[in-house]
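Peer 1: Before anything else, here's the structure in question.
The values are calculated or read from the model by the stated rules, or taken from the named source; none is laboratory data. No experiment lies behind these values; they were computed from the predicted model shown. In this analysis, Cβ positions are derived from the backbone assuming ideal geometry, glycine residues included, and neighbour counts consider all displayed protein chains.
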Amino acid sequence: MKRIVGLMIVSGILIGGVVAQEKGGKVKKQESVRQEEVRELMKSGFSNDPRFAWKLNQDEAQKICSQYPSRESMPASAIQKVIELSTSGINYPQWGIYWGDWKEGKKLVESPRGGRFASYGFSDNPADKGGNCYACHLIEKGMPGGTMGPNLYQYGKRWNITKENMNSPETIEKLRIVYNIIYNSWSAFPCSSMPRFGYHGSLSPNDVANIVAFLLHPESPVNK
């Protein structure tokens, strides 16, 4: 019964759109998706829709991960192969590793909009993006977050990044390491449940650089 009710609620949200309140208390219905497309998708099932076919095809790294019940059970050779595959596909901003805009990174970290259902061909603004990082991490003091991933509060301080050394070669290398993790988490943690944001195109190289800045910059609230 709970499952049926849950599906009804989801269907209602997808088909019904969004309700917004205008000035003066008047309620206006705003369509967030194209209704006919959603109805057809709900009827056919996601697995039969060609726009979702790419989600059913595993890349080489995924095929390796799927052979084992956990990373702990993987042989060293398999772990190394996943790391090599994941690292080789990392793309950097056109001007290389740099300090991004931590304020823009904060917006991306807080936004849950990236990778939503509506982004797969049903949104009038498919460019919506975000990391939804608080779903899995505690990051900023006073902000609620998840505990599936590691606690990232004062992450930059733990990397010993200060105003005085933030542009040193050693610090830029630290930026690169964290950038790689966010762009493709499997480059450091093979078969992790953390999304491979850059690899799948959910976030651009510049987006990733901004998130890295939010986590590591001395002026970011993360490190206060």
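Peer 1: For the subset of the stretch 166-182 comprising residues that are surrounded by 15 or more Cβ atoms within 10 Å (Cβ to Cβ) and within 19 Å of S193 (Cα to Cα), which member is nearest to the chain's Cα centre (by Cα)?
Peer 2: I182
Peer 1: Same structure, new question: Can you pull out every residue in the stretch 186-224 that is polar (S, T, N, Q) and either free of Cβ contacts under 8 Å to residues at least 40 places away in the same chain or more than 16 Å from S88 (Cβ to Cβ) (or both)?
Peer 2: S192, S193, S202, S204, N206, N210, S220, N223
Peer 1: Additional query: Could you identify the single residue in E173, E164 that is assigned to a loop (DSSP other than H, G, I, E, B) and at pLDDT 95 or above? It would help to see each step written out before you state the result.
Peer 2: Values: E173 fails: assigned to a loop (DSSP other than H, G, I, E, B).
Among E173, E164, only E164 is assigned to a loop (DSSP other than H, G, I, E, B) and at pLDDT 95 or above.
Peer 1: Could you tell me whether the stretch 210-224 includes any residue that is within 10 Å of the chain's Cα centre (by Cα) and among the β-branched types (V, I, T)? Walk me through it before giving the result.
Peer 2: Narrowing the stretch 210-224 to residues within 10 Å of the chain's Cα centre (by Cα): none.
Within the stretch 210-224 (the criterion being within 10 Å of the chain's Cα centre (by Cα) and among the β-branched types (V, I, T)), the answer is no, since none of the residues qualifies.
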